[in-house]
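First comes the structure, then the notes that go with it.
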Amino acid sequence: MGNSQRLGQWAEQQALIILQAQGFELVRSNYYSRYGELDLVVKRAQELIFVEVKARAMTHYASAVESIAPSKQRKMLKTALHFLHHYEEYQHFCYRFDVICFDFQQHFAKTIQHEFSDYPYDLHWIENAFTFDQEFINL
């Protein structure tokens, strides 16, 4: 497993800890459909949240949140619809799409195993990052 995969797994675990501290319960992690993947699906009361988790080491290209392009958003929306089709017990819930990002302030050597919690990072939790929009989905 490469460093970027380890960083992604670490970020998903940290995001889940943050969500659980806010009273959310894990429904599914890494839900796949032919359209894409949902990193985390969590619930609290009658609220269902589809969560995209991003972690990036310092880069000149984009922050973690800037890397979630409209094409990725469309894939998440379609995958969420797929999820709701297969898990009918959640169809009456209120839905939202959140993004949780970890932006590290340095690069990581690819050949060294890191304990990511030891490094400083910026955490961004964007609630309602985007919404269901039929026109957007069909683009």
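The values are calculated or read from the model by the stated rules, or taken from the named source; none is laboratory data. Please read these numbers as outputs of a predicted model, since none were measured by experiment. Neighbour counts run over all protein chains shown; Cβ positions are idealised from the backbone, glycine included. Surface areas here come from the heavy atoms of the whole protein model, side chains and all, with no ligands, DNA or RNA. Shrake-Rupley method; radii C 1.70, N 1.55, O 1.52, S 1.80 Å.
Taking R0 as 25 Å, what FRET efficiency do you get between R44 and K72 from their Cβ-Cβ distance, rounded to the nearest 0.05?
Approximately 0.55, to the nearest 0.05.
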F104 accessible area, assembled protein chains, probe 1.4 Å, Å²: 10 Å²
